[in-house]
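Undergrad: Below is the structure I would like to discuss, written out as structure tokens.
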Amino acid sequence: MKIDEIDRLLKEATKPWEERVKDKDLFEVVDEVFDTSTVMTIIELYRRGVLRKISGVISSGKEAKVYLGYDKTGKPLAVKIYLTSTAEFKKGIYKYIMGDPRFEGLKPKDTRSLIFAWTRKEFSNLSKMYEAGVKVPRPIAYLNNVLVMEFLGEDRMRYPLLIEAYKELTEEELNTIYKLVVEELEKIVCKARLVHGDLSEYNIMVKPEPLDIAIIDVSQAVDVNHPNTYDFLKRDVENIIRFFKKEAKIETDNTEELLGKIIPCLEKRKQSL
Ligand SMILES: Nc1ncnc2c1ncn2[C@@H]1O[C@H](COP(=O)(O)OP(=O)(O)OP(=O)(O)O)[C@@H](O)[C@H]1O
Ligand SMILES: [Mg+2]
């Protein structure tokens with residue numbers, strides 16, 4: 001969408017008694033291409049008082065881009081925008097949505113509603129985890145394909161992912177992080193009644209001083225009653241053990257031991273519908 005067009009939409013969207021916004025105030029992102037419906041969604045979030053500005057790109061993936069944004073008080077936000085779907089994406093997310101009791105009645109052929117449902121699912125997962133005390137970014141709002149959450153970082157710089165940070169960490173620090181990851185894994189199942197489904201060194205952030213972690217990217221997390229929870233949990237545990245054993249080279253539980261700690265909880269949670 002062209003800048004003039006965004007400007008026109010913004011003028012239309014901001015009523016005369018409201019402060020007029022110009023595209024350059026709201027979109028501080030140079031050379032970014034947003035489709036019309038995404039621009040309208042961002043404007044609506046602006047009107048709702050959630051978002052004041054979209055600034056630089058934090059991460060640019062195949063399915064979603066994450067931007068640094070600001071609220072009206074100037075607090076930084078992370079704004080995750082799902083891109084208009086590719087066939088691959090649709091195939092990829094289908095198995096997580098189907099079988100989840102929260103998405104009954106969704107017409108899978110409609111790509112737009114699939115993406116909106118996916119965004120809603122990420123917000124719902126994030127909220128459940130946050131309320132259960134899991135270390136995730138605080139969910140703030142969602143609308144259509146846009147999710148707004150707490151920005152994890154300092155001075156406009158996001159915290160590093162575990163994959164980026166581990167080589168600089170001491171053995172003691174890696175041991176601490178392993179323990180923290182196991183704690184979060186247990187909390188996700190036992191308290192939030194979810195299974196992450198994509199847990200790895202790419203979706204764990206490392207916060208410095210005091211050393212801590214945050215779990216991100218929870219869109220594919222499923223309810224404990226989803227038919228594939230065992231497989232997803234096993235994969236999460238295998239990923240974590242493989243990373244800490246092979247890459248970080250520290251002593252860990254083995255996969256069976258760690259699964260053994262979590263599965264009783266999963267069974268209990270499954271029963272207590
Ligand atoms: N709340 C946040 N605060 C700061 N940075 C974030 C936040 N959430 C995500 N990021 C950054 O954006 C990246 C992508 O986010 P996320 O993992 O949620 O999306 P993704 O769908 O996996 O995208 P990709 O395909 O790029 O991995 C993360 O690796 C991280 O660097
Ligand atoms: Mg990710």
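Undergrad: If I ask for residues that are within 16 Å of ligand 2 (Cβ to nearest atom) and acidic (Asp, Glu), which ones from the range 179-229 would you list?
TA: Across the range 179-229, the qualifying residues are Glu184, Asp198, Glu201, Asp217.
Undergrad: Still on this model: I'd like to check something: does the range 204-220 contain any residue that is among the basic types (Lys, Arg) and either touching a Gly at 6+ places or on another chain (Cβ under 7 Å) or within 16 Å of ligand 1 (Cβ to nearest atom) (or both)? Before the answer, list the steps.
TA: As a first pass, look at the range 204-220 and keep what is among the basic types (Lys, Arg): 207.
Now restrict to residues that are either touching a Gly at 6+ places or on another chain (Cβ under 7 Å) or within 16 Å of ligand 1 (Cβ to nearest atom) (or both): 207.
Within the range 204-220, one or more residues are among the basic types (Lys, Arg) and either touching a Gly at 6+ places or on another chain (Cβ under 7 Å) or within 16 Å of ligand 1 (Cβ to nearest atom) (or both).
Undergrad: Further question on the same structure: Which members of the range 60-75 meet the condition of being within 15 Å of ligand 1 (Cβ to nearest atom) and more than 14 Å from Leu147 (Cα to Cα)?
TA: Ser60, Gly61, Lys62, Lys75
Undergrad: A further question on this structure: Give me a count of the residues in the range 159-201 that are in contact with a Leu (Cβ under 6 Å, 6 or more places away or on another chain) and within 19 Å of Ser59 (Cβ to Cβ).
TA: Residues that pass the stated criteria total 2.
Undergrad: OK, next. Name the strands (runs of 3 or more DSSP E) wholly inside the range 142-256 in which the number of residues that are in contact (Cβ under 8 Å) with a residue 40 or more places away in the chain and open to solvent by 10 Å² or more (accessible area, probe 1.4 Å) is 2 or more. Before you say what the answer is, go through the steps one by one.
TA: Details: elements: 146-150, 204-207, 212-215.
Passing ranges, in order: 146-150, 204-207.
Undergrad: Now for a separate question. Count, please, the residues in the range 44-82 that happen to be open to solvent by 60 Å² or more (accessible area, probe 1.4 Å), part of a loop (DSSP other than H, G, I, E, B) and in contact with an Asp or Glu (Cβ under 9 Å, 6 or more places away or on another chain).
TA: Residues meeting the conditions: 4.
Undergrad: While we're on this one: Hey, does the range 1-19 have a residue that's assigned to a loop (DSSP other than H, G, I, E, B) and modelled with pLDDT of 70 or more?
TA: Checked the range 1-19: no residue is assigned to a loop (DSSP other than H, G, I, E, B) and modelled with pLDDT of 70 or more.
The values are calculated or read from the model by the stated rules, or taken from the named source; none is laboratory data. Treat the numbers as computed from the prediction; the structure is a model and nothing was measured. As a convention, Cβ positions derive from the backbone with ideal geometry for all residues, glycine included, and neighbour counts pool all protein chains shown. For accessibility, only protein heavy atoms count, side chains too; no ligands or nucleic acids. Shrake-Rupley method; radii C 1.70, N 1.55, O 1.52, S 1.80 Å.
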